[in-house]
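**Student:** Before I ask anything, here is the structure I am working with.
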Amino acid sequence: MSDELLARIRVHGEVPRHVAIIMDGNGRWARERVMPRPFGHRAGMQSVRDVVEGAIAVGLEHLSLFAFSQENWQRPLTEVSALMSLLEEYIAREADELQAQGVRVLIHGDLARLTAPAAAAVARVTRQTAACTTLTLHLFISYGGRAELVRAARAVAADVSSGALALEDVNEDAIRVRLYTGETPDPDLLIRTSGEQRLSNFLLWQLAYTELVLSPVLWPDFRRAQLFEAILDYQARDRRFGRVTA
Ligand code: IPE
Ligand code: IPE
Ligand code: MG
């Protein structure tokens, strides 16, 4: 089934360069099975693996995954601890495979808040995959879109006050290059799973003209086939960027 979808994507032609996903619905998936929430987070790791492989098969340049928000720190300690352990486990289990697949991993967010073992795992996978060129996987952890903008604003202010940046040169590019995503092209497509219809503070700047696909599928049930369907949906869109179609 997914091979047929992939063939249709190829026929349509233009593939998005960058797909971003808000991976949501793990808790509900676990609840449907009368299991604790971390059971859903663990199941969601398999979806990450499959979607990364799907992204490579399609030929995406960038895949951005929202894994843990700044606001998620307010969840019960047991759930936060389980998520941090799963992050370590994911990296320990997948780092070699990601490297073999040519996946460069970048981790974005307020990493100072991570536990020491999680921070060490993050540093290790970043280093290990630094030279990979097939796909860049951006993992957003302890991330908030407004915090990212504040961070960029501070960097601009510091450069202006030190004289490194002239006030006249404070423009959109000056902000953009100071975001975590730097020179990465903006997402062409944002997918949110689990039927929720909001951004939840994800990539507020970068999503300005991104096409949205809201999938009812809970993240642990999301596989490459659902990614391919979303890309087919995207390929049928008319992106006008405020202009009129000829
Ligand atoms: C997404 O699933 C994973 C994280 C936010 C860490 P949720 O944990 O939000 O699952 P639901 O939305 O409660 O079902
Ligand atoms: C957004 O999901 C964050 C991630 C998927 C990591 P949430 O489940 O935390 O968002 P809300 O609370 O439904 O807005
Ligand atoms: Mg949720």
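The values are calculated or read from the model by the stated rules, or taken from the named source; none is laboratory data. Keep in mind that what you see is a predicted model, and the values were worked out from it rather than measured. When we count neighbours, we look across all protein chains shown, and the Cβ atoms used for this are built from the backbone with ideal geometry, even at glycine. Ligands, DNA and RNA are excluded from the accessible area calculation, which covers all protein heavy atoms including side chains. Shrake-Rupley method; radii C 1.70, N 1.55, O 1.52, S 1.80 Å.
**Student:** Residue check: is Trp73 surrounded by fewer than 19 Cβ atoms within 10 Å (Cβ to Cβ), within 16 Å of ligand 3 (Cβ to nearest atom) and not charged (D, E, K, R)? Explain how you work it out, then say what you get.
**Tutor:** Values: surrounded by fewer than 19 Cβ atoms within 10 Å (Cβ to Cβ): yes; within 16 Å of ligand 3 (Cβ to nearest atom): yes; not charged (D, E, K, R): yes.
Judged against the criteria, Trp73 is a match.
**Student:** How many of the residues in segment 16-34 are out of contact with any Phe, Trp or Tyr (no Cβ under 9 Å at 6 or more places or on another chain), open to solvent by 50 Å² or more (accessible area, probe 1.4 Å) and away from ligand 3 (no atom under 16 Å from the Cβ)?
**Tutor:** Applying the first criterion (out of contact with any Phe, Trp or Tyr (no Cβ under 9 Å at 6 or more places or on another chain)) to segment 16-34 yields 17-18, 27-28, 31-32, 34.
With open to solvent by 50 Å² or more (accessible area, probe 1.4 Å) added as a condition, the list becomes 17, 28, 31-32, 34.
Narrowing the set further to residues that are away from ligand 3 (no atom under 16 Å from the Cβ) leaves 17, 34.
Residues that pass the stated criteria total 2.
**Student:** Have a look at Ser64, Ser47 and point out the one that is among the hydroxyl-bearing types (Ser, Thr, Tyr), open to solvent by less than 20 Å² (accessible area, probe 1.4 Å) and either away from ligand 3 (no atom under 16 Å from the Cβ) or outside any helix (DSSP H, G or I) (or both). Steps first, please.
**Tutor:** On the way: Ser47 fails: either away from ligand 3 (no atom under 16 Å from the Cβ) or outside any helix (DSSP H, G or I) (or both).
Only one candidate passes the filter, namely Ser64.
**Student:** How many residues does segment 164-199 contain that are within 16 Å of ligand 1 (Cβ to nearest atom) and over 24 Å from Val19 (Cβ atoms)?
**Tutor:** Restricting attention to segment 164-199, the residues satisfying the condition of being within 16 Å of ligand 1 (Cβ to nearest atom) are 190-199.
Filter once more, so that each one left must be over 24 Å from Val19 (Cβ atoms): none.
Summing the residues that are within 16 Å of ligand 1 (Cβ to nearest atom) and over 24 Å from Val19 (Cβ atoms) in segment 164-199 gives 0.
Here's the yes/no breakdown for (1) touching a His at 6+ places or on another chain (Cβ under 7 Å); (2) open to solvent by 20 Å² or more (accessible area, probe 1.4 Å); (3) at pLDDT 95 or above; (4) closer than 23 Å to Ile141 by Cβ:
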site	(1), (2), (3), (4)
Arg198	no, yes, yes, yes
Trp205	no, yes, yes, yes
Leu212	no, yes, yes, yes
Ser215	no, no, yes, yes
Phe228	no, no, yes, no
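**Student:** I'm trying to understand the selection: among the residues of segment 107-126, which are without any contact (Cβ under 8 Å) to a residue 40 or more places away in the chain, under 27 Å from Leu60 (Cα atoms) and either in a strand (DSSP E or B) or not hydrophobic (A, V, I, L, M, F, W, C) (or both)?
**Tutor:** Passing the criteria: Ile107, Arg124, Thr126.
**Student:** With the checklist (1) within 29 Å of Ala95 (Cβ to Cβ); (2) β-branched (Val, Ile, Thr); (3) touching a strand residue (DSSP E or B) at 6+ places or on another chain (Cβ under 7 Å) in hand, flag the one item Val213 doesn't pass.
**Tutor:** With (1) within 29 Å of Ala95 (Cβ to Cβ); (2) β-branched (Val, Ile, Thr); (3) touching a strand residue (DSSP E or B) at 6+ places or on another chain (Cβ under 7 Å) applied to Val213, the lone miss is (1).
**Student:** Looking at Asp221, Asp186, can you tell me which residue is within 16 Å of ligand 3 (Cβ to nearest atom), open to solvent by 20 Å² or more (accessible area, probe 1.4 Å) and among the charged types (D, E, K, R)?
**Tutor:** On the way: Asp186 fails: within 16 Å of ligand 3 (Cβ to nearest atom).
Criteria check complete, one pass: Asp221.
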